[in-house]
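The values are calculated or read from the model by the stated rules, or taken from the named source; none is laboratory data. In this text the structure is predicted, and so the values were computed from the model without any measurement. In this analysis, Cβ positions are derived from the backbone assuming ideal geometry, glycine residues included, and neighbour counts consider all displayed protein chains.
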Amino acid sequence: MVDTAFGAPGTIPPAEVADVELYHPHSFVTKYVFSQDAKVIAIQYSLTAVAIGLIALVLSWLMRLQLGFPGTFSFIDPNQYLQLITMHGMIMVIYLLTALFLGGFGNYLIPLMVGARDMVFPYVNMLSYWIYLLAVLVLVASFFVPGGPTGAGWTLYPPQAILPNTPGHEYGIILMLVSLIIFIIGFTMGGLNYVVTVLQGRARGMTLMRLPLTVWGIFTATVLALLAFPALFVGCVMMLFDRLLGTSFFMPAISQLGEQLKYGGGSPILFQHLFWFFGHPEVYIVALPAFGIVSDLISTHARKNIFGYRMMVWAIVGIGALSFIVWAHHMYVSGMNPYFGFFFATTTLIIAVPTAIKVYNWILTLWRGDIHLTIPMLFALAFIVTFLNGGLTGLFLGNVVVDVPLSDTLFVVAHFHMVMGVAPILVVFGAIYHWYPKITGRMLNEAMGQIHFWVTFIGAYAIFFPMHYLGLLGMPRRYHDMGQTSFVPDSAHTLNAFISVAALTVGAAQVVFLFNLFWSVRHGKEAGGNPWRATTLEWQTPQTPPGHGNWGDELPVVHRWAYDYSVPGAERDFIPQNEPPAARPA
Ligand code: HEM
Ligand SMILES: [Cu+2]
C-alpha cells in the first residue's frame, strides 16, 4: 500500500489539470450567502445545525428541570413535556446530527480529502443548504402556531400523532411533517453530490482503497440516507394526507368518547415499519461518519497507521448493509409474530460482529502508538468507551425477552443517548478541534478545550449512566411526573435530581466551547497549514484556509494511502498522500 508510483509526470492529460469551470464568486453575496463553494456551504450547514441544536439542548434542560424537581416548576405541564421530548428528539437526530455530519463535515471534507476542486454539482449543493434552512424554519415556526409543536414523540406514531387530544394536533404535526419532507428533498440534493463526488471527483491516484476512512464513513452514511429517507418521506406524505385529506393510510376505525371518527381500514403498524426502516439506518447515518472520523483522529494523534484498513472499510460497508434488515427490533412490543421477532433479534446481534471488529482495530491502532493526548484524541478515546458502553446495552435490548419488559423505560432512553447521542457528539467535538485549524488558520484554545472535554465526558456519564438503573427499576420514559409508586424508592428520586444537575453542568460546559469557537478565530495560536502533521490531502492545500477551488493551479496527485505514519526509514514521521515515492537506488 505504500509507494506505488502513479503515472510519470507529463502523462496527465491537460484537461485534467486545466482550471475547471468553477463558478467564481464576484460579490459578497455570491461569496458568502448564495455561495456554491462546498466549504462555505459546509459552514452554513454547521452554523445552522448548531443553532437549532442549541435550542434542542435548552429543551433538554427544561425537561430535566421537570424530571429532577417535579412540582417545583409550573411552566411545564404534561402536554408541554410531550412537546419538548418530541422537538428535542427530532432536532437532535435529524436537524443537528444528520445535517452536521453530512451537510457540514461532508461538504467541507469530501472535496478536500479526495482532491477535488469542489462538489460536482455546486449549484444543487447550494440549493441543498437553502432547502435545509427552510426545513429548519418551518420546524421552528411550530413553536409559534396555535396549539404549539407536536407532542407525538419523535417517532410520530399514528393514530395518536394526528388525533385530537395529542398536543400540537392542530398545526404542530402538519408543520413537523412538512418540515421533514422539505428536509429530505434538501438532503437528497446534497447527498447525490457527496456520492457522485466520491465516485467521480477523486484526484489522480486516489483509488477507493486509498480514501481516508472519514470519507468512507461519510460516503456510506450518505448512501444509507439516500435509501432510508424515502421510507420516511412516503410515511410523512401519507400521514399528512390522513391528517389533511381524511385518508386512512395509517388510521384504523376509531371511536372517541363514543363518537365514531371518520377514519377506518388503515394500518398504524405500517407506519411503524416505514418509520423504523428509516429510523434504524438513521443510527448508522450518524454513527458511520463518526466511525470514519475517529479512525483518522486516532491514527493521526497516535502517529500510527490504522490497523486493518481494508477490514475497516468492509466493516463500514457491512454495517451499513446490515442496518437495513434489523429495523423491527424497535417493534418487539407491537404484537408481532414471535418468529418475526426472532429473525430481527438474530440480524441485530450479527451487526455486533463488524462493530466489534472496528473496536478491536481501533485498540490495535492505539497499541504501542505514540499517543498524543490532544483534545481531538481525548474525544476520540471517549467515543470508543461510550460507544462500547451503548453497544453493550444494545445487545441486551436486541433480545426480545429482555426488550419487552424494558421497552418504554428510561433504560431505553439511557441506551440510545449513549450510543447515538453522546457518542457521536463526542466525535463532533473531536472533529471540530481537529479541523478548526484548517478552517480558520488558528488553533482552538487548549485550556478551554480541556475544561470542555472533561466536564462534558464525565458529565455525560453522570447523566446517562444512572439512568440505566432508573430504567431497570421500571421508571417509564415520556412521563412528566413519576409520582410516588411502590416500585420506585426515594433514593431514585434523589438520583433523578442529581441527573438534572449534571445535565445543567454539561450544558454550561458547552458555553465554554462556544466561547472558544468565537474567541479563537481572532486570538487562537497560529496553526500553519498542517499543525497535526497529518497525511491526508486537506492538510496539503497551498493556502490555509483553502481558497476557492481548493488547490490553486495544480490538482494534487496521490501516491499512497492515507496512513503513512512513522514509516521506518522515512525522514519525517508522516508522509503526505501526495508525496511521490522516494527515488529508489537503481
Ligand atoms: C446533555 C444532553 C441531553 C440531555 C440532558 C437529554 C435529555 C433528554 C430527556 C430528558 C429526554 C426525555 C426522556 C423521556 O422522558 O422519555 C430525551 C429524549 C430524547 N433525546 Fe435527549 N438529551 C440530550 C442529548 C440528546 C442527543 C445528543 C440526542 C441525539 C441523538 C438526543 C436524542 C433524544 C431522543 C431521540 C429522545 C426521544 C424523544 C422521544 O421519546 O420521542 N438527546 N432526552
Ligand atoms: Cu435500531
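Here are some notes:
- Residue in the range 169-177 that is crowded, with 18+ Cβ neighbours inside 10 Å, more than 16 Å from ligand 1 (Cβ to nearest atom) and within 18 Å of the chain's Cα centre (by Cα) present: no
- Against the criterion of being in a helix (DSSP H, G or I) and within 19 Å of Ala315 (Cα to Cα), Gly190 does not qualify.
- Subset tally (residues that are assigned to a helix (DSSP H, G or I) and over 20 Å from Val58 (Cβ atoms)) for the range 468-524: 18
- Test: residue in the range 272-281 that is part of a helix (DSSP H, G or I), away from ligand 1 (no atom under 13 Å from the Cβ), in contact with a Pro (Cβ under 9 Å, 6 or more places away or on another chain) and under 21 Å from Met418 (Cα atoms): yes
- Residue count, the range 264-280 (criterion: free of Cβ contacts under 8 Å to residues at least 60 places away in the same chain, surrounded by 15 or more Cβ atoms within 10 Å (Cβ to Cβ) and of a type in the set (A, V, I, L, M, F, W, C)): 4
- Here Ala460 meets the list (1) under 26 Å from the mean Cα position of the chain (by Cα); (2) more than 13 Å from ligand 1 (Cβ to nearest atom) almost entirely, failing just condition (2).
- The listed residue being within 17 Å of Gly217 (Cβ to Cβ) and either within 16 Å of ligand 1 (Cβ to nearest atom) or touching a residue at least 60 places away in the same chain (Cβ under 8 Å) (or both), out of Ile375, Ile351, Ile371, Ile384: Ile384
- Residue match in the range 240-263 (condition: part of a helix (DSSP H, G or I), more than 30 Å from Glu579 (Cα to Cα) and within 26 Å of the chain's Cα centre (by Cα)): no
- Residue in the range 212-220 that is without any contact (Cβ under 8 Å) to a residue 40 or more places away in the chain, out of contact with any Phe, Trp or Tyr (no Cβ under 6 Å at 6 or more places or on another chain) and in a helix (DSSP H, G or I) present: no
- Filtering the range 238-263 to residues that are of a type in the set (Val, Ile, Thr) and without any contact (Cβ under 8 Å) to a residue 60 or more places away in the chain leaves only Thr247.
- No other residue among Val58, Val40, Val33 is crowded, with 17+ Cβ neighbours inside 10 Å and either within 16 Å of ligand 2 (Cβ to nearest atom) or not polar (S, T, N, Q) (or both) apart from Val40.
- Restricted to helices (runs of 4 or more DSSP H) entirely inside the range 363-461, those with at least 1 residues that are of a type in the set (Asp, Glu) are 400-406.
- Qualifying positions in the range 264-282 - of a type in the set (Gly, Ala, Ser) and over 21 Å from the mean Cα position of the chain (by Cα): Gly264, Gly265, Gly266, Ser267
- Scanning the range 401-418 for residues that are crowded, with 22+ Cβ neighbours inside 10 Å and near ligand 1 (Cβ under 9 Å from one of its atoms) yields a total of 2.
- Some residue of the range 435-449 being charged (D, E, K, R) and crowded, with 23+ Cβ neighbours inside 10 Å: yes
- Checking the stated criteria, Glu554 turns out not to satisfy the condition of being part of a helix (DSSP H, G or I), among the charged types (D, E, K, R) and over 30 Å from Leu84 (Cα atoms).
- Leading residue by the ranking (farthest from ligand 2 (Cβ to nearest atom)) among those in the range 421-445 that are closer than 17 Å to Thr300 by Cβ and of a type outside the set (A, V, I, L, M): Pro437
- Qualifying residues in the range 309-346 (those that are part of a loop (DSSP other than H, G, I, E, B) and in contact with a helix residue (DSSP H, G or I) (Cβ under 7 Å, 6 or more places away or on another chain)) - the one farthest from ligand 1 (Cβ to nearest atom): Met336
- Selection status of Thr346, among the hydroxyl-bearing types (Ser, Thr, Tyr), within 15 Å of ligand 2 (Cβ to nearest atom), surrounded by fewer than 23 Cβ atoms within 10 Å (Cβ to Cβ) and under 28 Å from Phe457 (Cβ atoms): no
- All of (1) modelled with pLDDT under 95; (2) within 23 Å of the chain's Cα centre (by Cα) hold for Gly335 with one exception: (2).
- With respect to the conditions (1) β-branched (Val, Ile, Thr); (2) outside any helix (DSSP H, G or I); (3) touching a Gly at 6+ places or on another chain (Cβ under 7 Å), Ile306 lacks only one, and its number is (3).
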